[in-house]
Amino acid sequence: MQLLPKTTTTTKLIRNFSKALKLSATTGFLQGGIQVHAHLVKLGLYNVLSLQNKILDVYVKCKEFKDAHKLFDEITVRNVVTWNTVICGLVNCGNNYKPCLYTGFSYFKKMLLDEVGFDPITLNVLFRACLELNGIEIGRQLHCLVVKLGFQLNCLVNSALVDLYGKCGLATEARCVFDDVMYKDLVLWNVMLSCYALNSLAEEALTVFKLMQLENLIGDGFTFSSMLNSCATLGSWELGRQIHGLICKLSFDLDILVASGIVNMYAKNEYIEDARKAFDCMTAKNVVSWNTMVVAYGRQGDGKEAMKLLKEMLLEDFAPDELTLASILSSCGSVSASCEIMQVHVYVVKFGLQSFLSIGNAMINAYSKCGRAASALKSFNSVPEPNLVTWTSLISGYAFNSLPKDGIKMFEKMLSAGVRPDQIAFLGVLSACSHAGLIKEGLHYFRLMIKHYRILPDLEHFACVIDLLGRAGLLDEAFNVLTSMPIDYRSDTLGAFIGACRIHGNVELVKWAAQKLLELEPNNPVNYAILSDLYAYEGQWQDVARMRKLMRDRCDHKTPGCSWVELGGAIHMFVSSDRCHPQALEVYCMLSLLLWLMTDEYNVSKLHAVHGNVLDECAL
């Protein structure tokens, strides 16, 4: 083989080949990398270490690990770049394949045995591997190595370490690492803020932000995004508004990420109008921005506004993703807006998005809440590989729509499919058994949950069992379950028991439960109303007056319950004695007519009954 002499021409060739290999690695063009590799062997440039590292990078990034390992073994003299190329490639691939991550650590051990000095890039990648493996113990060992070899002064390494501890929920350890760094760069400050925001430690994040200002650091988009997230978590609208002002002053509101954070902050603090104003003021929007506002309306259960926003989004040539559609379906389901749900369903089918689990699950849930159990089943059947959430959504939907036997049947199918149920799945089937009055089956599933699947029942499960026994008139058994629960009962548990006792006329147990309910929630007017009605039933009018006085003294104004109906794609909402509706006069006229017809029909039927009796007496 003829070797090229080290001339200017050779240097140019090396530079050109290096650029070609870098391009192949970046674009994942394996064939191009192989061709360059062949040319290098032919020209005798194969043993140039910088080119060998580039070829190695091509094979690693194209996930050709067999060729990468072979090439690695052929390299006689390896430097830190060679080792980092292999380790980085394995870790990057390991996001979906954990054995690659462990192989990355084995290469690091070999690197130490070969006495090749590693650098901050090596440690940064290994900390990321620890995060993927949730291997905090390996991370702690690496932390010891960092301190031992003096890397604790490096901001890149410490940023990765703080990030690891923060994402593993160890905010205290992250802060210790942060405090030990003498000279901190902006990245390290941002990672610390992000750590606190991620762990819902908003006050600590605010403290770090103030320290940052004392160091005369303005911050960047990531800084303010973390702070806005903290304000959303803390529920501090006032602080969020101040940060919003600072953002506008520094012109960071032009950053899409920061602007989306402002919208999210106002939405999570339930200032939906301010969120919409911030959204409308955005100079540029992306799918994330639209999703933030759609999710905000979804959280408020405002399906109509969410649908309007979807239409605007489509008009501006933004394609909604699975999060957008799932959020809209969820918000439409909350108000039983079946017309909107069907429109979204059409869009999902048209663009072939029904295979997304989140959309399929949201569709089942939305149709179930609208009382369209058949449509929910069709949506379930369109999901190619249903997961636990998919099964649970349908089971709970059947229970919600008073189709308990279908819910139980679907639960059994889920078990036959090898899907392991969780607490929510058992809650769905217990609710179904309760609605159907299937005591034997309900108790069987309750025991199955505890003994076979080792799932500890929650208050909701006990409430279902109490309701199941109470509906069947087994009040003593229901009382025993209530008083022997290993966890303290809540208002919903007592509410289920009171409902059963009232149905079966056990006044003493209703009194006992209502008094307990009053102790739990002394500021809830409903609890006073229950006792007041009970005393009225027994004719104890002094106690009725006492309860009414206590309710006025201790409770705020009772929020009236509302009902709604969807007609012609519009939702009409009503409360008791409501005269705000534009067609209130017509509604009350129709109601009066119906009452008159009902009264008249009752009188006619009563008259027929009297005539019948007279005729019978005459016949005798």
Exercise. Could you check residue 399 against (1) modelled with pLDDT of 90 or more; (2) open to solvent by less than 20 Å² (accessible area, probe 1.4 Å) and say which number it fails?
Key: (1)
Practice problem: Name every residue in the stretch 411-435 that is open to solvent by 40 Å² or more (accessible area, probe 1.4 Å) and at negative phi, in order of residue number. | Solution: 412, 413, 415, 416, 417, 420, 422, 423, 424, 427, 435
Quiz item: Is it fair to say residue 404 is without any contact (Cβ under 8 Å) to a residue 40 or more places away in the chain, closer than 19 Å to residue 367 by Cβ and of a type outside the set (D, E, K, R)?
Solution: yes
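Yes or no, residue by residue, for (1) in contact with a helix residue (DSSP H, G or I) (Cβ under 8 Å, 6 or more places away or on another chain); (2) surrounded by 20 or more Cβ atoms within 10 Å (Cβ to Cβ); (3) in a loop (DSSP other than H, G, I, E, B):
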{"residue": "191", "(1), (2), (3)": "yes, yes, no"}
{"residue": "195", "(1), (2), (3)": "yes, yes, no"}
{"residue": "206", "(1), (2), (3)": "yes, no, no"}
{"residue": "210", "(1), (2), (3)": "no, no, no"}
{"residue": "222", "(1), (2), (3)": "yes, no, no"}
{"residue": "231", "(1), (2), (3)": "yes, yes, no"}
{"residue": "242", "(1), (2), (3)": "no, no, no"}
{"residue": "248", "(1), (2), (3)": "no, no, no"}
Quiz prompt | Positions within the stretch 28-58 being assigned to a helix (DSSP H, G or I) and small (Gly, Ala, Ser), in sequence order | solution = 32, 33, 38, 50
Quiz item: So which helices (runs of 4 or more DSSP H) stay within the stretch 86-153 end to end and still have 3 or more residues that are of a type in the set (Ser, Thr, Tyr) and either more than 22 Å from residue 70 (Cα to Cα) or touching a Leu at 6+ places or on another chain (Cβ under 9 Å) (or both)?
Solution: 98-113
Quiz item: Regarding residue 169, is this residue exposed (fewer than 14 other Cβ atoms within 10 Å of the Cβ), among the small types (Gly, Ala, Ser) and under 28 Å from residue 117 (Cα atoms)?
Solution: no
Quiz item: in a helix (DSSP H, G or I) and more than 47 Å from the chain's Cα centre (by Cα): does that describe residue 25?
Solution: no
Quiz item: On the given criteria, is residue 378 under 16 Å from residue 296 (Cα atoms), free of Cβ contacts under 8 Å to residues at least 60 places away in the same chain, surrounded by fewer than 18 Cβ atoms within 10 Å (Cβ to Cβ) and over 23 Å from the mean Cα position of the chain (by Cα)?
Solution: no
Exercise. Check whether at least one residue in the stretch 555-565 is farther than 30 Å from residue 338 by Cα and either modelled with pLDDT of 75 or more or surrounded by 14 or more Cβ atoms within 10 Å (Cβ to Cβ) (or both), and report yes or no.
Key: yes
Quiz prompt | Those residues of the stretch 321-333 which are at pLDDT below 80 and closer than 13 Å to residue 305 by Cα, in sequence order | solution = 331, 332
Practice problem: Could you pull out every one of the helices (runs of 4 or more DSSP H) wholly within the stretch 264-353 that has 3 or more residues that are within 23 Å of residue 374 (Cα to Cα)? | Solution: 322-334, 338-350
Practice problem: Check residue 386 against each of (1) part of a helix (DSSP H, G or I); (2) crowded, with 17+ Cβ neighbours inside 10 Å; (3) not hydrophobic (A, V, I, L, M, F, W, C) and name the one condition it does not meet. | Solution: (1)
Quiz item: Restricting attention to the stretch 472-491, does a residue exist that is touching a Lys or Arg at 6+ places or on another chain (Cβ under 6 Å), without any contact (Cβ under 8 Å) to a residue 40 or more places away in the chain and either over 26 Å from residue 387 (Cβ atoms) or hydrophobic (A, V, I, L, M, F, W, C) (or both)?
Solution: no
Quiz item: If we scan the stretch 52-63, do we find a residue that is basic (Lys, Arg), surrounded by 13 or more Cβ atoms within 10 Å (Cβ to Cβ), at pLDDT below 85 and within 28 Å of residue 138 (Cα to Cα)?
Solution: yes
Practice problem: Would you check if residue 367 is without any contact (Cβ under 8 Å) to a residue 60 or more places away in the chain, more than 26 Å from residue 263 (Cα to Cα), crowded, with 23+ Cβ neighbours inside 10 Å and among the hydroxyl-bearing types (Ser, Thr, Tyr)? | Solution: yes
Quiz item: In the stretch 497-510, what residues are open to solvent by 20 Å² or more (accessible area, probe 1.4 Å), part of a helix (DSSP H, G or I) and not acidic (Asp, Glu)?
Solution: 499, 502, 503, 507, 509
Self-check item: helices (runs of 4 or more DSSP H) contained entirely in the stretch 439-490, each with at least 2 residues that are polar (S, T, N, Q) and open to solvent by 20 Å² or more (accessible area, probe 1.4 Å)
Solution: 475-483
Quiz item: So residue 76 clears everything in (1) part of a helix (DSSP H, G or I); (2) among the β-branched types (Val, Ile, Thr); (3) open to solvent by 60 Å² or more (accessible area, probe 1.4 Å) except one condition, right? Which one?
Solution: (1)
Quiz item: Within the stretch 513-528, restricting attention to residues that are of a type outside the set (D, E, K, R) and within 16 Å of residue 497 (Cα to Cα), which residue is nearest to the chain's Cα centre (by Cα)?
Solution: 520
Quiz item: Pairs, please: C-beta under 8 Å, at least 6 apart or cross-chain, first residue of a type in the set (Asp, Glu) and in the stretch 338-358, second open to solvent by 40 Å² or more (accessible area, probe 1.4 Å)?
Solution: 340/304
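Rundown of residues vs (1) aliphatic (A, V, I, L, M); (2) closer than 24 Å to residue 86 by Cβ, yes/no style:
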| residue | (1), (2) |
| --- | --- |
| 108 | no, yes |
| 132 | no, yes |
| 137 | no, yes |
| 146 | yes, yes |
| 150 | no, no |
| 165 | no, no |
| 174 | yes, no |
| 178 | no, no |
Quiz item: Is there any pair with a first residue in the stretch 446-462 that is without any contact (Cβ under 8 Å) to a residue 24 or more places away in the chain and of a type in the set (Val, Ile, Thr) and a second that is surrounded by fewer than 15 Cβ atoms within 10 Å (Cβ to Cβ) and not in a helix (DSSP H, G or I) whose Cβ atoms are under 8 Å apart and which are 6 or more apart or on different chains, and what are they?
Solution: 450/456
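The values are calculated or read from the model by the stated rules, or taken from the named source; none is laboratory data. Model, not experiment: these values are computed from the prediction. Every residue, glycine among them, receives a Cβ derived from its backbone with ideal geometry; neighbour counts consider all protein chains shown. Heavy atoms of the whole protein, side chains included, go into the accessibility calculation; ligands, DNA and RNA do not. Shrake-Rupley method; radii C 1.70, N 1.55, O 1.52, S 1.80 Å.
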